[in-house]
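Structure first, commentary second.
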Amino acid sequence: MAFKCILVTGGFGFIGASLVRKLLAEGSRVRVLDDLSRGDAANLEGLEVEALTGDVRDPRDVGEAMEGGVDAVVHLAAFGSVTESVSGLSENFDVNVRGTVNLLQEAARRKVKKFVFASSGGAVIGRGPLPVSEASLPRPVSPYGASKLCGEAYCHAFAQTFALPTVMLRFANVYGPFSHRKRGAVTAFIKALLRDRPLVIYGDGSATRDFLFVDDLCQGIYQALERSLEPGTLLHLASGVETTIIALANELRKIAGRASHPTHFAPPRAGELEHNFADFDRANRLLGFNPRTSLTAGLDLTWRWFRSHPAALRSLDQN
Ligand SMILES: NC(=O)c1ccc[n+]([C@@H]2O[C@H](COP(=O)([O-])OP(=O)(O)OC[C@H]3O[C@@H](n4cnc5c(N)ncnc54)[C@H](O)[C@@H]3O)[C@@H](O)[C@H]2O)c1
């Protein structure tokens with residue numbers, strides 16, 4: 001790895017837990033900045049990581065996090081919920097926009113060599129023709145999507161104005177180990193199966209998503225750090241496969257050995273998209289990105305992780 005020290009904001013979260021492991025395995029020094037609002041300290045237990053508790057909205061915390069030779073940043077910290085962004089509009093704006101600008105300013109001041117921004121394919125593009133790609137016109141539906149598009153815009157502007165080597169990565173729907181605090185369909189279905197409650201599907205189940213296994217995503221982030229890219233490069237990291245929510249529920253029921261586990265249908269939620277999947281051709285050309293984990297294999301690994309980490313679920317029951 002070409003960098004001396006990589007700052008991962010939001011490193012105690014779901015994706016951070018796998019990314020930090022990947023970066024350590026590749027021989028990097030890793031520092032984490034996280035306010036633990038949505039993350040879990042247990043996610044990085046026992047790892048050689050310098051962890052700072054702090055808020056990306058506070059420029060002093062951001063300044064401190066980049067002291068002492070940080071030369072690359074992966075900015076994952078975010079108010080990451082589409083549905084909560086509808087009621088929590090200002091907080092979503094402050095964390096996702098102001099927080100991102102704080103980090104970009106500090107990174108530009110310190111001449112950081114790479115700044116990777118975690119964006120979102122579906123939320124930023126909205127209801128465009130499928131599959132979405134870097135050529136799609138962004139028209140966010142939710143405040144969360146709007147804040148991520150704004151973050152992308154600032155990353156682009158910092159590349160142009162300050163020659164900061166930014167890369168904006170639009171993630172698909174990521175799933176995998178350490179997702180016990182998330183509220184997406186994979187986590188919700190696994191929790192329901194483990195707690196013997198019905199699977200709740202919002203809408204009629206025909207909605208579609210592009211599910212990407214977290215290890216494949218982290219390989220893409222790592223490639224984006226390693227490769228020399230034009231500052232301000234935008235890439236979709238996705239599986240390229242469109243899966244209905246009903247098919248996802250059936251796959252998980254099969255993996256859990258409960259083919260007839262009950263389903264409850266609820267009204268669709270505000271801000272959510274009907275259909276989404278993305279083309280990752282550009283990431284393939286520029287990074288060699290090529291997700292290898294099939295949905296069945298990834299769901300099986302995720303199910304096994306939840307089965308072997310009952311403490312993660314128990315800690316949520318106590319909240
Ligand atoms: N999980 C997905 O499917 C998905 C899809 C598209 C984009 N993303 C983006 O990827 C990134 C990581 O997502 P995740 O699923 O790991 O989310 P997560 O909620 O599990 O992790 C986010 C982390 O950021 C921390 N954080 C939140 N606000 C903070 C603040 N103000 N200051 C410091 N830390 C703060 C939280 O405590 C948490 O540990 C986010 O930017 C998210 O928007 C995720």
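Details
- Positive dipole terminus of the chain, leading residue within 299, 238, 74 (C-beta point charges): 299
- Within the chain, helix-based [θ] at 222 nm, where runs of 4 or more DSSP H residues each add -39,500 (n - 2.57), nearest 500: -12000 deg cm²/dmol
- Phi to ³J(HN,Hα) by Karplus 6.51 cos²θ - 1.76 cosθ + 1.60 over the range 99-116, Hz, x for Gly, Pro: x, 5, 5, 4, 5, 4, 4, 5, 5, 5, 4, 8, 6, 4, 7, 7, 10, 9
- Within the chain, percent of DSSP bridges classed antiparallel, to nearest 5: 5 percent
- Sequence of 222, 154, 175 when ordered by accessible area, the most exposed leading, probe 1.4 angstrom: 154, 222, 175
- Residue 29 long-range amide H proximity, modeled H, under 5 Å: 6
- Net charge dipole size for the range 160-237 [Lys, Arg +1 and Asp, Glu -1 on Cβ; Debye, nearest 20]: 420 debye
- Cα shape, the chain, gyration tensor, a/c 1.5 rule: prolate
- The accessible surface of the range 187-319, taken with every protein chain in place and a 1.4 Å probe, is 49 percent carbon and sulfur.
- Probe 1.4 Å, protein heavy atoms only - accessible area per residue of the range 160-265 in square angstrom: 40 Å²
- In order along the range 148-159, the Karplus-derived 3J(HN,Hα) couplings, from 6.51 cos²θ - 1.76 cosθ + 1.60 at θ = phi - 60°, round to 6, 5, 4, x, 4, 4, 5, 4, 5, 5, 5, 5 Hz, and Gly and Pro are given as x.
- Folded to 0 to 90 degrees: helix 214-226 orientation relative to the chain principal axis, Cα: 20 degrees
- Estimated distance in nm for a label pair at residue 300 and residue 161, the labels positioned 7 Å out from Cα along Cα-to-Cβ: 5.1 nm
- Less than 5 angstrom separates the built amide H of residue 202 from those of 266, all sequence-distant by 5 or more or on a different chain.
- Under 5 Å from the amide H of residue 120 lie the amide H atoms of 171, each residue being 5 or more positions distant or on a separate chain, with H modelled from the backbone and absent for Pro and chain starts.
- Placing a label point 7 Å from the Cα of residue 244 along the Cα-to-Cβ direction, the residues of the range 272-306 with a backbone N closer than 19 Å are 273-278, 295-296.
- Of the accessible area of the range 118-165, computed with a 1.4 Å probe over protein heavy atoms only, carbon and sulfur atoms account for 60 percent.
- Length gained when the stretch residue 86-residue 153 is fully extended (0.36 nm per residue, less Cα-Cα span): 22.0 nm
- 30 Å Cα cut-off, lysine pairs counted over the chain (separation 8 or more, or different chains): 21
- Using the Karplus relation 6.51 cos²θ - 1.76 cosθ + 1.60 with θ = phi - 60°, the per-residue 3J(HN,Hα) values for the range 304-309 come to 4, 4, 4, 5, 8, 10 Hz, with x marking Gly and Pro.
- With Cα atoms, 0 to 90° folded angle of helix 185-194 axis to the chain main axis: 50 degrees
- Angle in degrees between helix 14-25 and the longest Cα principal axis of the chain, rounded to the nearest 10: 60 degrees
- Relative contact order computed over the chain (Cα-Cα under 8 Å; 6+ residues apart), in percent: 18 percent
The values are calculated or read from the model by the stated rules, or taken from the named source; none is laboratory data. Remember, predicted model here, so these are calculated numbers, not experimental data. In this analysis, Cβ positions are derived from the backbone assuming ideal geometry, glycine residues included, and neighbour counts consider all displayed protein chains. With ligands, DNA and RNA removed, areas are computed over all heavy atoms of the protein, side chains included. Shrake-Rupley method; radii C 1.70, N 1.55, O 1.52, S 1.80 Å.
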